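The values are calculated or read from the model by the stated rules, or taken from the named source; none is laboratory data. Quantities reported herein were computed from a predicted structural model and do not represent experimental measurements. Heads up, the Cβs are rebuilt from the backbone with ideal geometry, glycines too, and the neighbour counts pull from every protein chain shown. These area figures cover heavy atoms from the full protein model, side chains too; ligands, DNA and RNA do not enter into them. Shrake-Rupley method; radii C 1.70, N 1.55, O 1.52, S 1.80 Å.
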Amino acid sequence: MLDLQRLRALHAVAVHGTVGAAAASLGYTPSAVSQQIAKLERETRTVLLERRGRGVRLTEQAEQLAAAAQQLLAIVERAETELEERRGLPAGRLTVAAFASAARGLLPAVLADLAVRHPALDTRLTEVDPHLSVDLVTRGAVDLAIAHDWDIAPLPAPPGVEQAPIGEDLCDLLVPAGHPFAGRASVRREDLGGERWICQPPGRVCHDWLVRTLRAAGCEPDIVHQADENPTLVALVAAGLGVALIPRLGRGPLPAGVVEVPLDPLPVRRLYALWRSGAARRPAIAETVRTLQAHWPAVSARN
């Protein structure tokens with residue numbers, strides 16, 4: 001008989017692409033996941049993972065088994081949802097995926113609140129980019145995702161996924177203290193041409209929004225520095241190397257030498273919670289979404 005935990009480990013590798021990423025999503029060590037896969041290979045008398053450079057590739061048999069594992073995990077999720085719904089209290093494990101600034105600026109207080117009020121609920125947080133988190137929800141790799149979109153780049157929920165708004169996060173132009181914009185009350189988007197930009201790499205939501213926004217205003221962005229983390233972007237601005245558009249959530253106090261200038265109109269990104277439709281009745285989902293929405297006003301006021 002196939003072991004469900006070993007199937008869960010294989011499914012996580014199929015979803016995340018590497019043993020390390022699968023381990024992080026499950027809360028295990030990479031060694032533990034590798035051991036689970038090795039035991040599953042012995043039980044099935046089948047090679048499931050093949051080495052490819054520094055990573056691994058699922059064999060054809062492993063792909064078939066991972067697809068079957070996804071169906072089994074969905075059945076288990078429905079059973080757990082029904083049991084939790086009967087109890088009427090949030091309980092069990094809840095895996096949450098969130099983008100970096102939400103994981104830093106919103107989730108700590110929310111998870112701490114849930115832990116105090118619902119000790120039977122075991123929440124597990126993993127940090128991922130927004131465009132990846134929706135797919136993780138769809139494929140059953142996480143229970144709940146916190147994602148965001150922008151006015152010119154909406155984030156539609158795919159079939160089988162529900163969403164609820166959490167709040168709106170404002171975004172400001174950050175410039176070095178000696179920049180001509182530093183003393184202005186606001187800056188129009190049409191005035192941003194000719195600036196040296198610091199932003200996230202291509203494919204990230206914030207990068208795509210910046211490029212679309214500036215092009216819509218008749219400006220072709222000159223992106224000179226790229227980094228994943230907002231604190232790195234702020235540090236580059238502080239060094240006088242360019243300007244950046246940074247959301248307020250999770251940004252923290254600005255260092256000396258960086259000035260915040262509002263754009264006109266002010267850019268807004270919207271935060272959402274997303275989950276699979278089949279888990280909508282689960283009290284843990286409903287309570288976590290309510291807690292996210294309840295904490296947002298205080299978090300937004302601090303930013």
Some residue of region 138-152 being open to solvent by 20 Å² or more (accessible area, probe 1.4 Å), within 23 Å of THR18 (Cβ to Cβ) and acidic (Asp, Glu): yes
Filter result for the condition that a residue is surrounded by fewer than 16 Cβ atoms within 10 Å (Cβ to Cβ), at pLDDT 85 or above and within 27 Å of LEU132 (Cα to Cα), over ARG196, ARG188, ARG212: ARG212
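Does GLU127 fit the bill of being under 15 Å from the mean Cα position of the chain (by Cα), among the charged types (D, E, K, R) and open to solvent by 70 Å² or more (accessible area, probe 1.4 Å)? Steps first, answer last, please.
Values: under 15 Å from the mean Cα position of the chain (by Cα): yes; among the charged types (D, E, K, R): yes; open to solvent by 70 Å² or more (accessible area, probe 1.4 Å): yes.
So GLU127 passes the test.
Within region 1-38, can you find the residues that are touching a residue at least 40 places away in the same chain (Cβ under 8 Å), over 17 Å from ASP143 (Cβ atoms), part of a helix (DSSP H, G or I) and open to solvent by 20 Å² or more (accessible area, probe 1.4 Å)?
Filtering region 1-38 down to residues touching a residue at least 40 places away in the same chain (Cβ under 8 Å) leaves 2-4, 7-8, 10-16, 24-25, 27.
After this cut, where a residue has to be over 17 Å from ASP143 (Cβ atoms) as well, the list is 2-3, 7, 10, 13-14.
Filter again for part of a helix (DSSP H, G or I), leaving 7, 10, 13-14.
Within region 1-38, just ALA14 meets the criteria.
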Enumeration of residues in region 252-279 that are of a type outside the set (Phe, Trp, Tyr), open to solvent by less than 40 Å² (accessible area, probe 1.4 Å), within 26 Å of ALA98 (Cα to Cα) and modelled with pLDDT of 90 or more: LEU271, ALA273, LEU274
Scan of region 222-239 for residues that are open to solvent by 20 Å² or more (accessible area, probe 1.4 Å) and either part of a loop (DSSP other than H, G, I, E, B) or of a type in the set (Phe, Trp, Tyr) (or both), ordered by number: ASP228, GLU229, ALA239
Hits in region 246-288 - residues which are closer than 17 Å to ASP169 by Cβ, under 19 Å from the mean Cα position of the chain (by Cα) and of a type in the set (A, V, I, L, M): ILE246, LEU249, VAL268, LEU271, ALA273, LEU274
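Just a yes or no: is a residue in region 57-64 free of Cβ contacts under 8 Å to residues at least 24 places away in the same chain, out of contact with any helix residue (DSSP H, G or I) (no Cβ under 7 Å at 6 or more places or on another chain) and among the hydroxyl-bearing types (Ser, Thr, Tyr)? Spell out the reasoning first.
Within region 57-64, the first condition is being free of Cβ contacts under 8 Å to residues at least 24 places away in the same chain, and the residues that meet it are 57, 59-61, 64.
Subsequent filtering for residues that are out of contact with any helix residue (DSSP H, G or I) (no Cβ under 7 Å at 6 or more places or on another chain) retains 57, 59-61, 64.
With the extra rule that they be among the hydroxyl-bearing types (Ser, Thr, Tyr), the set shrinks to 59.
Taking every residue of region 57-64 in turn, at least one turns out to be free of Cβ contacts under 8 Å to residues at least 24 places away in the same chain, out of contact with any helix residue (DSSP H, G or I) (no Cβ under 7 Å at 6 or more places or on another chain) and among the hydroxyl-bearing types (Ser, Thr, Tyr).
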Residue selected from region 153-178 under the condition more than 15 Å from the chain's Cα centre (by Cα) and closer than 22 Å to LEU73 by Cβ, by the criterion most open to solvent (accessible area, probe 1.4 Å): PRO159
